[in-house]
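Read the structure below first, then the notes.
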Amino acid sequence: MSEIETTRIHAIVHGRVQGVGFRAFVVDRGISIGAKGWARNRWDGTVEVVAEGTHPQLERLLAALHQGPRMSDVTRVDVDWQDAIGEFSSFHIRSSF
């Protein structure tokens with residue numbers, strides 16, 4: 001895969017990641033690296049992130065997911081690399097489910 005080809009990640013972030021500004025952190029980081037997608041809280045206390053960008057951009061986003069904002073405590077990030085489908089025009093917080 002070329003570094004300029006767009007790819008996609010679907011990530012589930014585990015730990016203390018709700019109520020600590022995690023989604024806003026993800027959106028800020030996603031925008032700053034030029035990725036597009038969304039972040040949302042899930043019913044089980046995790047945060048779900050779907051993002052598209054170049055492989056290097058998404059590697060930087062994954063590093064940020066492992067770190068999280070100051071008040072978070074990330075214990076695990078499950079990630080699935082997928083083919084990009086080009087459905088996003090920005091990075092935003094999506095309604096929880």
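Read-outs: derived from the displayed coordinates by stated rules, not from any lab. These figures come from a predicted structure and were not determined experimentally. In this analysis, Cβ positions are derived from the backbone assuming ideal geometry, glycine residues included, and neighbour counts consider all displayed protein chains.
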Across segment 9-14, in residue order, what do the Karplus-derived ³J(HN,Hα) couplings come to in whole Hz, using 6.51 cos²θ - 1.76 cosθ + 1.60 with θ = phi - 60° and x for Gly and Pro? 10, 10, 10, 10, 9, 10
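For segment 5-97, what is one quarter of the convex hull surface built on the Cα atoms, given in nm²? Let's see the in-between values first.
Values: hull surface 20.8 nm².
Mean projected area for segment 5-97: 5.2 nm², to one decimal.
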Between A24 and D78, the two model label points (7 Å from Cα along the beta-carbon direction) sit apart by a distance in nm of 2.8 nm
Count the DSSP beta bridges whose two residues both fall in the chain, then state the antiparallel fraction as a percent rounded to the nearest 5. 90 percent
Under the Karplus curve 6.51 cos²θ - 1.76 cosθ + 1.60, θ = phi - 60°, whole-Hz ³J(HN,Hα) for segment 33-45, x wherever Gly or Pro sits: 9, x, 8, 10, x, 7, 9, 8, 6, 10, 4, 8, x
Ignoring everything except DSSP H segments at least 4 long, calculate the 222 nm mean residue ellipticity for the chain; use -39,500 (n - 2.57) per segment, divide by total residues, nearest 500. -8000 deg cm²/dmol
Normalised by the residues of the chain, what does the relative contact order come to in percent, with Cα pairs under 8 Å and at least six apart? 44 percent
